[in-house]
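One structure is given below, encoded as structure tokens.
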Amino acid sequence: MNTVLNSNRPLFFCPGCSHERVVHGVDRAIQSLGLQGHQVAIVSDIGCSGLFDTFFNTHALHGLHGRALTYATGLKMVHPEITVLVIMGDGGLGIGGAHVLASCRRNLDITLLVLNNFNYGMTGGQCSTTTPASDQTASNFLNKLEVPIDICRVAAAAGALFTEKVMATDGALAETISRSIEFPGFALLDIWGICPGRHLKKNPITAGQLEKKMRTSGGGHSVSIGQDRDLPAEEMEVSVREEYGEHYRRLAAVTKEPQPLIEIESKFSPLTHERTEVVILGSAGQFINTIGEILSIGAMSSGRWVSQKNDYPITVLRGHSISEVVVDIKPITYTGINKPAVIICVGQEGVDRRRKMFAEADADTVIIAFPDLTLPVTGARVIMCDGGNLKLKKGQRGIAALAVLVQTGLILDCDMLNNAIKTRYSGMMADVSLEVVATILTPSLPPEIS
Amino acid sequence: MGSVFLDGNEAVARAAILAGCDFFAGYPITPATSIFHHMLDFLPPLGRVCMQGEDEIASIGFCLGAAAGGAKVMTATSGPGISLFSEQISFAIGAEIPIVIVDVQRLGPSTGSATKGADGDIQFLRWGNSGGLPVIVLVPVDVKDAFVLTLRAFHFAQKYRCPVFIASNKEVGMVRESVDLEVFSGLDEDKGCSCESESLKVVNPASLRTKELVRLTSSTHGVDNYITTDPQVIGDAILRMEQKLLSASGELCCMEVDANPGDSTLLVTYGVTARAAAEALISLRKQGYGVSLLVIKTLFPVAEGELKSEMKGKEKIVVVEMNRGQYVREIERLAGDIPVHFYGQMNGELITPASIVREVLQ
Ligand code: SF4
């Protein structure tokens, strides 16, 4: 195989920089796997290691500091056939920590090489998340205040199935990189190196000494899970976790087609001949949003234009729920309420929320309400809904109120309402709702409800 | 053909699918979340990808990575998410990565009111990137617009290889309305895309399926997409990225004008406020006032020529926005000697037709 190094772009690191070793290690690993440049994408981070993509004749993405894994993720999801290698320093590891953890959990087939030289080289030797507290850095005493992280342990805890530490100077570097690329899931290599440009002078150490430190740190070679060992059953389950992309495609393949848009045909003669505004005031759990939708569909079935605006707190299971519906003979302009023709009151929280509206309403406005609600003083005409002798559940009040609206002759007739209920609901919900409507609109029938 | 009943967020998602969106990634945020839910309903059954990022930085990052691989991508968020997107937006501009970004605006600053509408991000969308190069910002008035402009946004993103924003609003994204089914049934002229213009040509083939290598970089670069410090190369690249949009402002321009000859006042607005303005216009004309209405749907790049020609001959311009005065700055710099009156409201409520009438008559 031929090298994938870019002969037009000679390496540009300080003499003795460990990064140079890694460049050659990556090149040999790619060759040994029989990959050609166009089968590989190198996603580089920021800092000295951010130059990596320029040295290779592969696809290359060089973006923001710490975010390399995010691009790699999107790229791998749309091109599963491409080998995606992410190169970042210990700086990128720190600023992009959330993405490292998420990548470990996700197990998408990406290989992350952390070029760990224990400082921010390019910007002048500041401390990073891996700098030992005893080191001298350009961050003065600040690194003494925090403990360095061992990324392999953090990654393993986050669910990474392949984590290994290796020295940049290790003769087996290329072979280790190959194995990490071959691993069918997220693989993280913590590659320890030396930065003569910014860190070595104040923190003299030889490669041999650093390697010794690595071994005693509990890291050392081959921390990979999932290949050897006797793991307890539950951990084993984690270790055989499916690769994210394959898993996604398998689950996506059995997802159901989404619902198409429901076409509402205009088949009834309209009752409204000008802009008509309705406000439905209720409480959480009264299906106010759906009641507004049924009213809207009903009006649409008579060829009218409709808009529906809902108002409810973030806590959807508590508090007010309000729906504002505007019906017009032309496309709706202003979606707010100027002067409501109808105020439907089904829950006290909604009524309390819009007290001002009651004070402002005059005899042109009809209020449909239930006897147990406390209504503010109003000049509007109030129609009480007694539920047609039905014992209405709280959630059925909205439908009952729409039946009373039919009796006013203002917007919907019985056919429009029934048609809208059948359009919006199916099964039990439809049956019960139709029955509530029938009972209210035909008071002579015996009150029965299933 | 009958009509359908849906909100602006669903319209955006349906348009994206029709435009051939291959990849969506989002992070839950009110009032944009339902776009994510719709995309999650639509994309997987089509064998396409929808992901939830660990944060907004990740979700747009996923999109940019997928776009680098040639996918048509979209993400959606609200103001707080746009803030986190900011540096990635700069990357998309500088590396010329096509992406559609939906901002369903809510009342800020910061966390603000999650369920209240506003148009407070308008200049932020334009200028919220390092370097200040132009972007495209489209703003829908209603659900139909949300659909049509999203189709157009995909087209523009591919053609100009840049971020295209849909500056929606909670009051469009989460308000349902009836729309002719016809609107959703077919593609209009926005179908497909091309990049014929030589001056716009970018080097990236935007597909990793060929042997041709794709390079994208956030560093200053020339046509070879390698980092460079050559002032000439850098300057040329910046100029090209700026001019590809500024010189196309006419083609990108989308606006609606309701004017009668001899009108003395021009009412200017955009987004959901245009709906109240339409009502205000009727009432003003009934009272005998000569008022024209200009509804701008492409906020950026500013269609300077088109806007100036609408302002010509007017005695007064009134700008109304759901913020404390953002786009009025563009109008003021184009208005010359014509006095510009501004009315803005930022309290989570819609601006009413009555208040617009009052401001015009002031
Ligand atoms: S500053 Fe350090 S990391 Fe950067 S090139 Fe020099 S030695 Fe290598």
Determine if the stretch A:164-179 includes at least one residue that is away from the ligand (no atom under 16 Å from the Cβ), part of a loop (DSSP other than H, G, I, E, B) and crowded, with 16+ Cβ neighbours inside 10 Å.
-> yes
In the stretch A:123-135, residues that are buried (at least 17 other Cβ atoms within 10 Å of the Cβ) and assigned to a loop (DSSP other than H, G, I, E, B) total 7
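One line per residue, one yes/no per condition, for (1) hydrophobic (A, V, I, L, M, F, W, C); (2) within 16 Å of the ligand (Cβ to nearest atom); (3) open to solvent by less than 10 Å² (accessible area, probe 1.4 Å):
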{"position": "A:Phe118", "(1), (2), (3)": "yes, yes, no"}
{"position": "A:Ser139", "(1), (2), (3)": "no, yes, no"}
{"position": "A:Ala157", "(1), (2), (3)": "yes, no, no"}
{"position": "A:Glu182", "(1), (2), (3)": "no, no, no"}
Taking the stretch B:305-337 and the residues there that are open to solvent by 20 Å² or more (accessible area, probe 1.4 Å) and touching a Ser or Thr at 6+ places or on another chain (Cβ under 7 Å), the one that is nearest to B:Gly79 (Cα to Cα) would be B:Lys316
Filter the stretch B:20-31 down to residues that are under 20 Å from B:Val141 (Cα atoms) and either buried (at least 24 other Cβ atoms within 10 Å of the Cβ) or without any contact (Cβ under 8 Å) to a residue 40 or more places away in the chain (or both), then give me how many there are.
-> 1
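Counting only residues that are in a helix (DSSP H, G or I) and over 17 Å from B:Gln52 (Cα atoms), which one in the stretch B:70-87 is farthest from the other protein chains (Cβ to nearest Cβ)?
Among those residues, the one meeting the criterion is B:Gly79.
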Please go through the stretch A:52-70 and pick out each residue that is at the interface with another protein chain (Cβ under 10 Å from one of its Cβ atoms) and either in a helix (DSSP H, G or I) or within 21 Å of A:Ala174 (Cβ to Cβ) (or both).
-> A:Asp53, A:Thr54, A:Phe56, A:Asn57, A:Thr58, A:His59, A:Ala60, A:Ala68, A:Leu69, A:Thr70
Expected single match for assigned by TED's automatic domain parsing to the domain that holds B:Phe165 and free of Cβ contacts under 8 Å to residues at least 24 places away in the same chain among B:Leu40, B:Leu84 is B:Leu40
In the stretch A:149-191, residue nearest to the chain's Cα centre (by Cα) [restricted to those that are of a type in the set (Val, Ile, Thr) and within 23 Å of A:Pro132 (Cβ to Cβ)] = A:Val154
Filter result (under 14 Å from A:Ala98 (Cβ atoms), more than 7 Å from every other protein chain (Cβ to nearest Cβ) and open to solvent by less than 10 Å² (accessible area, probe 1.4 Å)) within the stretch B:39-59 | B:Gly53, B:Ser59
So A:Arg9 clears everything in (1) open to solvent by 50 Å² or more (accessible area, probe 1.4 Å); (2) closer than 21 Å to B:Ile60 by Cβ; (3) facing chain B (nearest Cβ under 8 Å) except one condition, right? Which one?
-> (2)
Scan the stretch B:255-289 for residues that are hydrophobic (A, V, I, L, M, F, W, C) and either in the same structural domain as B:Gly173 (by TED's automatic domain parsing) or touching a helix residue (DSSP H, G or I) at 6+ places or on another chain (Cβ under 7 Å) (or both) and jot them down.
-> B:Met255, B:Val257, B:Leu266, B:Leu267, B:Val268, B:Val272, B:Ala276, B:Ala277, B:Ala280, B:Leu284
Return only the number of the condition from (1) open to solvent by less than 20 Å² (accessible area, probe 1.4 Å); (2) within 16 Å of the ligand (Cβ to nearest atom) that A:Lys76 does not satisfy.
-> (2)
So, of the residues in the stretch A:20-51 that are open to solvent by less than 10 Å² (accessible area, probe 1.4 Å) and within 16 Å of the ligand (Cβ to nearest atom), which turns out to be farthest from the other protein chains (Cβ to nearest Cβ)?
-> A:Gly25
Quickly run through the stretch A:364-415 and pick out the residues that are within 16 Å of A:Leu434 (Cβ to Cβ), hydrophobic (A, V, I, L, M, F, W, C) and not in a loop (DSSP other than H, G, I, E, B).
-> A:Ile399, A:Ala400, A:Ala401, A:Leu402, A:Ala403, A:Val404, A:Leu405, A:Val406, A:Cys414
Restricting the search to the stretch A:5-19, which residues are away from the ligand (no atom under 11 Å from the Cβ) and either among the charged types (D, E, K, R) or touching a helix residue (DSSP H, G or I) at 6+ places or on another chain (Cβ under 6 Å) (or both)?
-> A:Leu5, A:Asn6, A:Arg9
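Output the strands (runs of 3 or more DSSP E) that fall wholly within the stretch B:235-344 and possess 2 or more residues being within 22 Å of B:Gly120 (Cβ to Cβ), or say none.
B:265-269, B:291-296, B:298-300, B:316-321, B:340-344
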Could you give every pair whose Cβ atoms fall below 6 Å, whose first residue belongs to the stretch A:44-69 and is touching a residue at least 60 places away in the same chain (Cβ under 8 Å) and closer than 20 Å to B:Ala67 by Cα, and whose second residue is more than 16 Å from the ligand (Cβ to nearest atom) and not in a strand (DSSP E or B), counting only separations of at least 6 or pairs across chains?
-> none
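To keep it simple, each residue is scored yes or no on (1) surrounded by 22 or more Cβ atoms within 10 Å (Cβ to Cβ); (2) β-branched (Val, Ile, Thr); (3) more than 25 Å from B:Ala32 (Cβ to Cβ); (4) more than 13 Å from every other protein chain (Cβ to nearest Cβ).
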| site | (1), (2), (3), (4) |
| --- | --- |
| A:Val278 | yes, yes, yes, yes |
| A:Gln308 | yes, no, no, no |
| A:Gly319 | no, no, no, no |
| A:Ser323 | yes, no, no, no |
| A:Ile329 | no, yes, yes, no |
Assess whether A:Ile314 counts as being surrounded by 22 or more Cβ atoms within 10 Å (Cβ to Cβ), within 11 Å of chain B (Cβ to nearest Cβ) and more than 17 Å from A:Asp328 (Cβ to Cβ).
-> no
Would it be correct to say that A:Asn289 is assigned to a strand (DSSP E or B) and within 12 Å of chain B (Cβ to nearest Cβ)?
-> no
Please specify each residue of the stretch B:249-297 satisfying the condition of being within 14 Å of another protein chain (Cβ to nearest Cβ) and among the aliphatic types (A, V, I, L, M).
-> B:Leu267, B:Val272, B:Ala274, B:Ala276, B:Ala277, B:Ala278, B:Ala280, B:Leu281, B:Ile282, B:Leu284, B:Leu293, B:Val295
Could you list, in sequence order, the residues of the stretch B:209-227 that are more than 11 Å from every other protein chain (Cβ to nearest Cβ) and open to solvent by less than 70 Å² (accessible area, probe 1.4 Å)?
-> B:Thr220, B:Gly222
For the stretch A:184-213, enumerate the residues that are polar (S, T, N, Q) and away from the ligand (no atom under 16 Å from the Cβ).
-> A:Gln209
Mind listing whichever residues of the stretch A:1-16 are at negative phi and small (Gly, Ala, Ser)?
-> A:Ser7
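The values are calculated or read from the model by the stated rules, or taken from the named source; none is laboratory data. Predicted, not measured: the structure shown is a model, and the values here were computed from it. Note: ideal-geometry Cβ built from the backbone for every residue, glycine included; neighbour counts use all protein chains shown. Accessible surface is based on the protein model in full, side chains and every heavy atom, while ligands, DNA and RNA are left aside. Shrake-Rupley method; radii C 1.70, N 1.55, O 1.52, S 1.80 Å.
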